[in-house]
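Working notes, beginning with the structure itself.
Just so it is clear, none of the values below were taken in a lab; they were calculated from the coordinates. All of these numbers come straight from a predicted model, not from anything done at the bench. Don't worry about glycine lacking a Cβ; one is built from the backbone with ideal geometry, like all the others, and counts go over all protein chains shown.
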Amino acid sequence: MVKKSGIFDEMISIIIPVYNVEKFLRRCLDSVKSQTFKDFEAILIDDGSIDGSGRICDEYAGSDERFRVVHQANQGVSSARNLGLDLAQGEYIYFADSDDELLPETLERLFAAIRQGDYDVAASGYSIVRDGVETGMCFTAGAPPKVYSGDEVLVKFLRDCEFVCYTCWNKLINRRLISDLKFMDIKQEDFMFCGQLSLKLDSVIYLNESLYRYFDRPASISKDFSYIGPHQSVAVLSRLIEETPRERENARALILSRLLVRLMTSSYFISISSLSHEEKEAYKVTCRTLFRRYAKEFFCHPAIPLKRKAEVVVGKLFPWLMGKYLDKLEAQAWK
């Protein structure tokens, strides 16, 4: 690995948390090693694996100077990624899961795109591989790249997930943008991190192609998409609104609308869930507290449509209606 002018100019730091993936790890690391873009460092954080994953990491680090490994006691995927961020020396950051796979041209395509217009982030579609069948997701093959402003990114993060907004592994990120960001030790660490990231963005270029293979493996440390459910996103949205300055009126309107709708819909989900009575009551208290905290701003905000406000009122007064109209409300929440 060659330093340029005392720093790693234009190098990409690939951060890979590793935990008990002995059967799949070589596939991931070989895909990194085969990148057509050669100026990278792969930071492997062995998060207390008890299988052969740590030995495999050592093997790759011993044979290729671009790979380095740190072994730590098991602390979770957020801790592993944060340590990787602390160690990263590249100008750009790319995250990968240790049981997934990059295409050979992934880094090259994203790097060329982000440098083309000096964008904050270059993102792409991906493919899901499930039971040996590969399905393309979140891209239109052959369509040209799209460029989004920061406000457009926030809309897409909160509304329609056009470029996999909730995940960190389909993005090449300018490091200066996340110098003060860390993954939180919560179940929705991707969602929270990308939400905070979206508040910082000026521009994103999105490539309409699959550059990442996501292997749908239930036992993975970061493959549980069920956590992006209505009731479990309330905590993340409430944190985001706390971090959004008052002067960013449009951003606050978006987050407030999403939060209030989520409070209504999640109240219904909780009521029919298998949680204990104590857990349900605790969540109801949280919902009531958040509603009281943000209701005035929500109902007085001029950028929030009257229709949205009316739906929230109906949901508040008649929770049982959520069962009948839930899907419609969620589908139309941002139209």
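A few notes on this one:
- Kyte-Doolittle at least -0.5, axis length at least 24 Å by Cα - qualifying DSSP helices, the chain: 249-271
- Order of Val234, Val21 under a 10 Å beta carbon neighbour criterion, fewest first: Val234, Val21
- For the chain, pairs of C-alpha atoms spaced more than 31 angstrom apart make up 36 percent of the total.
- Helix-derived mean residue ellipticity, 222 nm - over the chain, DSSP H n ≥ 4, -39500 (n - 2.57), to 500: -13500 deg cm²/dmol
- For segment 4-113, convex hull of alpha carbons as volume per residue, Å³: 93
- Calculated P(r) tail over 18 Å for segment 71-202, as whole % of Cα pairs: 57
- Violating pairs (Cα-Cα greater than 25 angstrom) within the set Lys156/Lys182; Lys33/Lys146; Lys23/Lys146: Lys33/Lys146; Lys23/Lys146
- Using Cβ point charges alone (K and R +1, D and E -1), the dipole size of the chain about the Cα centre works out to roughly 1560 debye.
- For Arg239, Arg26, order by how many other beta-carbon atoms lie within 10 Å, fewest first: Arg26, Arg239
- The GluC sites (Glu not before Pro) of segment 13-112 meeting both criteria, a DSSP state outside H, G, I, E and B (loop) and at most 14 other C-beta atoms within 10 angstrom of the site's C-beta, are Glu65.
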